[in-house]
Amino acid sequence: MYIYKSFRIPLHERLGFNEVLETLPPDWNICLVESTSENSPKKHPNSLPYYEADFTQPTVMVFGQEAGGLSAGIRDLAVKRGIHNIIHTYIPTIPELDSLNVSMAATVLIYEMVGVTMQWWV
């Protein structure tokens, strides 16, 4: 017997990062998803593989461009706005793969976040 749970995730395309920060409740996490591989020199030093990130709290995910990733000023802007609960994460890939398509990366991260919050494996 299968039990299916439904869920809704609000998606906002082309929303400016300032707009996100202005409306973000103070107890929410902000997850900056890097599009770099595990061994990339561009990877943030505190970045975790997605499966080690804490998605038990409400979280806003921000994805960068596939090749360029997130702009360097994104984290600085979040810190200036007083956001302290920042999660840096990436999806581990094989060394020959530079990055994942943004839609594929979003699929993996959203699937993980929903699985954690709904605990559908329990």
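The values are calculated or read from the model by the stated rules, or taken from the named source; none is laboratory data. Just so it is clear, the structure is predicted and the values come from calculations on it, not from any experiment. Note: ideal-geometry Cβ built from the backbone for every residue, glycine included; neighbour counts use all protein chains shown. Areas reflect the complete protein model, heavy atoms only, side chains present, ligands, DNA and RNA absent. Shrake-Rupley method; radii C 1.70, N 1.55, O 1.52, S 1.80 Å.
So that you can scan it fast, the table gives a plain yes or no per residue for (1) closer than 13 Å to M113 by Cβ; (2) out of contact with any helix residue (DSSP H, G or I) (no Cβ under 9 Å at 6 or more places or on another chain):
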site: D54; (1), (2): yes, no
site: V60; (1), (2): yes, no
site: E66; (1), (2): no, no
site: I74; (1), (2): no, no
site: V79; (1), (2): no, yes
site: I83; (1), (2): no, no
site: Y90; (1), (2): no, no
site: T93; (1), (2): no, yes
Worksheet item: List pairs: first in region 79-105 and over 14 Å from Y50 (Cβ atoms), second open to solvent by less than 50 Å² (accessible area, probe 1.4 Å) and at pLDDT 85 or above, Cβ under 6 Å, 6+ apart or cross-chain?
Response: I83/I30; N85/N29; I86/I30
